[in-house]
1. Collect residues whose amide H, placed 1.01 Å from N in the peptide plane, falls under 5 Å from the amide H of residue 72; neighbours closer than 5 in sequence don't count.
2. If you count, for each residue, the other Cβ atoms within 10 Å and average over each peptide, how do 301-307, 268-274, 147-153 line up from highest to lowest?
3. Can you tell me how much longer the chain between residue 280 and residue 81 gets when fully stretched, taken as 0.36 nm per residue apart minus their C-alpha distance, in nm with one decimal?
4. Can you grab the distance from the C-alpha centre of the range 145-199 to the C-alpha centre of the range 59-135, Å, no decimals?
5. Could you check how much of the accessible area of the range 278-343 is carbon and sulfur, as a whole percent, using a 1.4 Å probe?
6. Which of 197, 13, 255 ends up with the largest GNM mean-square fluctuation for the chain, with Cα atoms connected below 10 Å?
7. How do 323-332, 126-135 rank on mean C-beta neighbours within 10 Å, highest first?
8. Which of 33, 321, 52 moves most in a GNM of the chain, Cα contacts under 10 Å?
Amino acid sequence: MGFNLGKAPVNGGLEMEDYWVWGSSVIKGDDGMYHMYASRWPKFLPFHPGWMIASEIVHATSKTPEGPYKFQDIALKARGTQYWDGRSTHNPKIVKYNDTYILYYMGSTHPFEAVTPDNVNQFDLKSKWCIAARWGKRIGVATSKSPNGPWTRLDTPILDVKPNSFYSFLTSNPSPLIKDDGSVVLLFKGRDYKADGISNADMSIGVATAPSYKGPYTVKGDKPLFSLEHFGEIEDPHVWSDNTGFHMIAKDQRGAITGEAGDGLLAHSKDGIHWTVDKNPKAYTKTVTWDNGKIITQGQLERPFVFVEDGKPTHIFFATMDGPGGFGNGTKTWNMVIPLNDN
């Protein structure tokens, strides 16, 4: 299978003044509205690594999948250093089972003063804030009976780290799929420690299962699904299913699978546990055709999310950035959407 991408609406998706916006997930509510959950953090912080210490998950709505989406409320805000997700919530993925909306996300915290415009010049990847926040990244869930909240969060992560594993340093970037019986297949990103025992190694993608969204979650196997040594390093997996099985779309981090770093790849599975890369793996490139006639190679094009309605993929959402590429070279970010044409 492949995607036949349409033209991206220039005024679609979600953009917020004074904020970096990233990584959206969309669901259609019982109210007929399309509900988007996305990450945002203040633009006085550098895009990267500002999200590690100050991201919050916001809720926006639209009458159509394309948008534009209108901000409604903060779904998951900072709730204090003492909580594992007290300082940052990020990478939302929304699903529903029976009458419960389930919001998967990555959370983190740190025990230091807040970064403000007055001390932001001390803030970078090697600063105390980032060292603690990156080390503390874990996956959690929040639940609600309404897409409008309020959301009930857990006081512990659902997927913690494990010593001497490919996820000994952190767990993040959850992508859940809930089966008809309520059991869960959860793809996630892990990092382990380098040999120095201090810093983190390259990204790996693993899979965990649970009898229900409440857990417990059990990582399957000792080796990751994707890594530098197996298939290639990927990020931002998103999984969905149809009557032919499970499907994954992800960002090819180094281009080992698609031939171009940052392009999208497709993979498939019968059970969500064992995966094979598509014979024609390239799902998308960073070059986007917009509905105003412009064709632009986006600076960044990440966090792919395939929206499925009535059993059929209809749209693909991305987090995107302007500029020539590189997180430090963009002036704005937004969550964009592209309709999918019939093949």
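1. 59, 60, 61
2. Top of the packing list down: 301-307, 147-153, 268-274.
3. That works out to 67.1 nm of additional length.
4. The range 145-199 and the range 59-135 have Cα centres spaced 15 Å from each other.
5. 49
6. In this elastic network of the chain, the residue with the biggest mean-square fluctuation among 197, 13, 255 is 197.
7. So the peptides 323-332, 126-135, ranked by packing, come out 126-135, 323-332.
8. Maximum among the listed residues: 33.
The values are calculated or read from the model by the stated rules, or taken from the named source; none is laboratory data. Predicted model only: the values in this text are computed from it and were never measured. Quick reminder, even Gly has a Cβ in these numbers, built from the backbone with ideal geometry, and neighbours come from all protein chains shown. These area figures cover heavy atoms from the full protein model, side chains too; ligands, DNA and RNA do not enter into them. Shrake-Rupley method; radii C 1.70, N 1.55, O 1.52, S 1.80 Å.
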